[in-house]
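Report on the following structure.
The values are calculated or read from the model by the stated rules, or taken from the named source; none is laboratory data. Keep in mind that this is a model prediction, so the values were computed, not measured. As a convention, Cβ positions derive from the backbone with ideal geometry for all residues, glycine included, and neighbour counts pool all protein chains shown.
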Amino acid sequence: MNLLIINLISWLIFFFGAAFPVLIMLKAIGLTGFMKVTRFESYHTFYYRMNPAVKIILGIVVMAVAALTIWWIGALMTVVILLTYLTLKDGKRKFATGFFLTMMTTIGTTWAFAPYTPYAILNEAFHGSALTSLWVWPSYFTVMGYQPDLTVQGLIYGFQISMRFTAVSLMSLVLVMTSTPSQVLRSLNKVGVPISITFSLVIAMRTVPRIFEYIDTSVKIQFMRGLGSRAPRFLRPFYVLVGAINGIVPVIVFLVRGAKDTAISADTRAFRAYQKRTYMRPATIGRVDRMAFSIIVLVILITVIAVLMGFGRGIPYNG
Amino acid sequence: MKALEIKGLKFSYIGSEDSAIEIDHLSIEDGETVLITGKSGGGKSTLVNCITGIIPHAFHGEYEGTVEVYGQNVAETSLAKLSTEVGTVLQNPETQVLNYTVEEEVAFGPENLCLESDDIVSRVAEAIEITGISSLNERETYALSGGEMQRVAIAAVLSMRPKLLILDEPTSNIDPEGTAKVFEILKRLKEEKTLIVVEHKVERVLPFVDRIIVIDNGKIFLDIRSHDLIHHVDKMLEIGIEVPIHYIYARKNGIDSDDLDLIREKLREKGMIPASPLRARPARTVLRAAILVSTASGKPLADCSIDLEERHILAIMGRNGAGKTTFLKGVMGFLDTDLRSEVSIILDGRDISGEHIINRGREIAFVPQNFDLTLINKSVEREVAYSINKRKKKSYGNRLDELMDMFSLSDLRYRDPLSLSLGQRRRVAIASAIATDVRVIMFDEPTSGQDYFHKEALGRELVRLKEAGYSIIVVTHDSRFVYKYADRIVVLDKGKKVLDGTPEAVFHESWKYSVLPPSDFLLRSDEYELVNY
């Protein structure tokens, strides 16, 4: 093969893992998509009726299970949690956003591991079977002694590792999308987290969707003012990223200017008057929570059985 | 009983040698309704913070004197304790509202006071009833209109059951309909509480207040009964406070009355009715935009066609949610991809409907309400030159200097735009928006939250831009501003264009769509024409 083509393909493959997730992020999800999955919307399905403390426990259990068991249990949980997105308000849109977020995480993580995992580890993970090479980069790609070789096993290995993150990411968003900050505050205070810490979390939950909204406005105005006007069309999504980075400082300054009012608003309504707060609707444990607890117990049991049967975390990942 | 008593108050912020507020003596009786007015930066907010206890408890600096609220020394009483005596509603409900649901927001204060849940429920119900927001109870706060959100903010403060309520420009971000509802609440509260309303627009609050206190340079400049205002018009104007126009003419012509009808009659008798502002003559159409937008579920948001004439200032008015901002977004290509839309934009006879934002931006500029979001560069010079550089305009060698001069920015050339004053930042945002070949400039709510001084400055900037050849669209609720500076008004209602014409023609019936005519117009109009108003 022509040396130039080899180099071109090498760089394309190299950047694929970083560029493709960014492309998904900007093209398929968009800043407004991020706004939707970081904001609470009222609805009536089970997640919305669940006690936030139970959702937090569920998240911790999902994280522990994904970390302790074989990769396909994590993958299974990812699929199940993603399917439950369909029960959320505007479920199809949120399912699509969740799907693309999972794709982003999977591709990004796979690409972060696949080219850099040493043969020794791959051999161990795949019982010493022969590695199938897909692409060999020119020698100048060698980083800290790692072999510049992309193998099928490396990709599988990276994919399996990504399954440790996807389920917990999706579960965390469920908490944000289905609980109001006040509900979270109530639950966390009940388990003894200081009000000042939980209040910061509440403000963050209120602010994050706004950040996406304001950055979206900033980026669009930069486009109007000529950002990316001389670049080819296919590069425009990347200019969204450039615009978003440019917009961070004014957005933060804008939010900080408003933060003074937020502080005054809280202080003049007796915030932190006492160590604890009372609540108009004290957190209760309902039928949905009991069902969720049953699921949590079931998941823990399955995990224990899986680990005992040899499906625990460890090499080989590919089970 | 005294609701408020201030003696020898002097406060300066850390790092500043000058006093932000200096008041020898001020007292407000229980049950009084007082307007505090003055220019931006004059010390109104500092005074409010001294009354609420934010100064000295949360904001520190050099503090002297005493402030007593219902006999309690503010400096010696905790903020929590004070919050049951004095409640504050701030200018921008968006930054004030902390929770996602209305009910949670209203319950926030009582919950902080560690009250029993039954007590919280009854306080929340009471506050919701007073403010008439029971229909909003289950709604997310971010989905509320400005007016609705402001009523929620008032309810959230009322649930603390304060005896003294301070409203800091409570209507500056909301439409006339929302404003009317807020004033309905104030009317009701006037019977029960001591009210302090901080407001730039004297005309709006005059019917509700007993007393007017003008703060200038941190000092009490004027302290008068409200019915006495007509005798102090000159003083108010002297320091740049907006007063109803008929007061000014009454004063000029020696008419001792504040009744608009009577003043108009007297002026007519004397042949002194002022002429209407000059409007631009009809000109060729520069921009023709037809926008049809609905939500994914089919709910219509905008269905209107609006023409903009060359070198004209066109104001788009209407209630919150009437489709004004959706219209602007449609013209710029900013519409959310979730929405269904059919957009036709003809600019100078050329169809640009299919063009990307980048290409539309070559000829159309947009200055959003939150114009700070557009200031992305480290210096004013780089900010203004941004479009010129991005579009590689070679013929624009002198353009930068021209813009710097036009907007008086030359001395600020190397300053960080975000560190400038409000007026300066807006000038940078406008200069940078029009730096290249744009011919149409659109402003979204540029008058919102601005005092008289800044609005006048903005009006002059718009006229200058018009004279320089630009065609301008302004979305605003400010009837007085529109009457003074716009050549034409379009009123939208439920997404449709319902009125279109000169301010003189439109203000005759705009009240039907919650666009109230300003006193400037009413003074010049015959009574019979306003029979329905």
Open item on the list: Need the failing condition index for B:Thr337 against (1) part of a loop (DSSP other than H, G, I, E, B); (2) more than 14 Å from every other protein chain (Cβ to nearest Cβ); (3) of a type in the set (S, T, N, Q), just the number.
Closed with: (2)
- [ ] Identify all residues within region A:242-299 that are more than 7 Å from chain B (Cβ to nearest Cβ), in contact (Cβ under 8 Å) with a residue 24 or more places away in the chain and of a type in the set (S, T, N, Q); write none if there are none.
- [x] A:Gln275, A:Thr284
Task: Top-ranked residue in region B:442-483 [being basic (Lys, Arg), out of contact with any Pro (no Cβ under 6 Å at 6 or more places or on another chain) and at pLDDT 90 or above; ranked as farthest from B:Ser45 (Cα to Cα)] - done: B:Lys466
- [ ] Pick out, from region A:1-50, the helices (runs of 4 or more DSSP H) lying fully within it that include 2 or more residues that are over 30 Å from A:Pro138 (Cα atoms) and in contact (Cβ under 8 Å) with a residue 24 or more places away in the chain.
- [x] A:30-36, A:46-49
- [ ] Go through region B:413-448 residue by residue and tally those that are assigned to a loop (DSSP other than H, G, I, E, B) and within 12 Å of chain A (Cβ to nearest Cβ).
- [x] 7
Task: Which numbered condition A:Val219 misses (of (1) buried (at least 22 other Cβ atoms within 10 Å of the Cβ); (2) in a helix (DSSP H, G or I); (3) facing chain B (nearest Cβ under 9 Å)) - done: (3)
TODO: Scan region B:112-128 for residues that are surrounded by fewer than 21 Cβ atoms within 10 Å (Cβ to Cβ), closer than 24 Å to B:Tyr142 by Cβ and not hydrophobic (A, V, I, L, M, F, W, C) and report the count.
DONE: 0
Task: Options B:Leu400, B:Leu335; residue that is in the same structural domain as B:Pro300 (by TED's automatic domain parsing) and surrounded by fewer than 21 Cβ atoms within 10 Å (Cβ to Cβ) - done: B:Leu335
Task: Filtered residue count, region A:260-275, keeping only those that are surrounded by 14 or more Cβ atoms within 10 Å (Cβ to Cβ) and either out of contact with any Leu (no Cβ under 7 Å at 6 or more places or on another chain) or not in a helix (DSSP H, G or I) (or both) - done: 8
Open item on the list: Being surrounded by 12 or more Cβ atoms within 10 Å (Cβ to Cβ) and of a type in the set (A, V, I, L, M) is the filter here; which residues of region B:12-29 pass it?
Closed with: B:Ala20, B:Ile21, B:Ile23, B:Leu26, B:Ile28
TODO: Go through (1) touching a residue at least 40 places away in the same chain (Cβ under 8 Å); (2) at the interface with chain A (Cβ under 9 Å from one of its Cβ atoms); (3) of a type outside the set (Gly, Ala, Ser) one by one and return the number of the condition B:Leu158 breaks.
DONE: (2)
TODO: Determine if region B:164-171 includes at least one residue that is out of contact with any Leu (no Cβ under 7 Å at 6 or more places or on another chain), of a type outside the set (Val, Ile, Thr) and more than 21 Å from B:Cys50 (Cβ to Cβ).
DONE: no
TODO: Being more than 23 Å from B:Ser514 (Cβ to Cβ), within 14 Å of another protein chain (Cβ to nearest Cβ), over 27 Å from the mean Cα position of the chain (by Cα) and part of a strand (DSSP E or B) narrows it down to one of B:Ile358, B:Ile345, so name that one.
DONE: B:Ile345
Task: Unmet criterion (only one of (1) assigned to a helix (DSSP H, G or I); (2) within 13 Å of another protein chain (Cβ to nearest Cβ); (3) surrounded by 21 or more Cβ atoms within 10 Å (Cβ to Cβ)) for B:Leu167 - done: (1)
Open item on the list: I'd like to check something: does region A:69-79 contain any residue that is without any contact (Cβ under 8 Å) to a residue 40 or more places away in the chain and closer than 30 Å to A:Arg287 by Cβ?
Closed with: yes
TODO: Kindly indicate whether B:Tyr13 is under 23 Å from A:Ser265 (Cβ atoms), hydroxyl-bearing (Ser, Thr, Tyr) and touching a Pro at 6+ places or on another chain (Cβ under 7 Å).
DONE: no
TODO: Inspect region B:97-119 for any residue being at pLDDT 90 or above, in contact with a strand residue (DSSP E or B) (Cβ under 7 Å, 6 or more places away or on another chain) and of a type in the set (A, V, I, L, M) and give the result as yes or no.
DONE: no
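Conditions (1) closer than 30 Å to B:Gly109 by Cβ; (2) assigned by TED's automatic domain parsing to the domain that holds A:Asn51; (3) at pLDDT below 90, marked per residue:
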| position | (1), (2), (3) |
| --- | --- |
| A:Arg210 | yes, no, yes |
| A:Val219 | no, no, no |
| A:Gly226 | no, no, no |
| A:Tyr274 | yes, no, yes |
| A:Gly312 | no, yes, yes |
Task: Top-ranked residue in region B:31-66 [being assigned to a loop (DSSP other than H, G, I, E, B) and within 12 Å of another protein chain (Cβ to nearest Cβ); ranked as modelled with the highest pLDDT] - done: B:Gly53
- [ ] List every residue pair whose Cβ atoms sit under 9 Å apart, with the two residues 6 or more apart in sequence or on different chains, where the first one lies in region B:68-91 and is away from chain A (no Cβ under 12 Å) and the second, anywhere, is of a type in the set (Phe, Trp, Tyr).
- [x] B:Ala75/B:Tyr63
- [ ] Run down B:Phe366, B:Phe371 and say which single residue is surrounded by 20 or more Cβ atoms within 10 Å (Cβ to Cβ), under 19 Å from B:Asp444 (Cα atoms) and more than 8 Å from every other protein chain (Cβ to nearest Cβ).
- [x] B:Phe371
Open item on the list: Testing B:Asp118 on (1) within 14 Å of chain A (Cβ to nearest Cβ); (2) touching a helix residue (DSSP H, G or I) at 6+ places or on another chain (Cβ under 6 Å); (3) among the acidic types (Asp, Glu), one condition comes back false. Which one is that?
Closed with: (2)
- [ ] Considering each of B:Leu314, B:Leu328, B:Leu287, B:Leu292 in turn, give the residue that is assigned to a strand (DSSP E or B), within 24 Å of B:Ala365 (Cα to Cα) and within 24 Å of the chain's Cα centre (by Cα).
- [x] B:Leu314
Open item on the list: For region A:138-154, check the following and say yes or no: at least one residue is modelled with pLDDT of 85 or more and among the charged types (D, E, K, R).
Closed with: no
Task: Candidate set: region B:176-205, residues that are part of a helix (DSSP H, G or I) and of a type in the set (Val, Ile, Thr); chosen: the one farthest from the other protein chains (Cβ to nearest Cβ) - done: B:Val202
TODO: Check off (1) at pLDDT below 90; (2) more than 16 Å from the chain's Cα centre (by Cα); (3) not in a helix (DSSP H, G or I) for B:Asn173 and give me the number that stays unchecked.
DONE: (2)
Task: Candidate set: region B:96-111, residues that are in contact (Cβ under 8 Å) with a residue 24 or more places away in the chain, under 21 Å from A:Gly258 (Cβ atoms) and within 7 Å of chain A (Cβ to nearest Cβ); chosen: the one surrounded by the most Cβ atoms within 10 Å (Cβ to Cβ) - done: B:Gly109
Task: Filter result (over 28 Å from the mean Cα position of the chain (by Cα) and outside any strand (DSSP E or B)) within region B:20-30 - done: B:Asp30
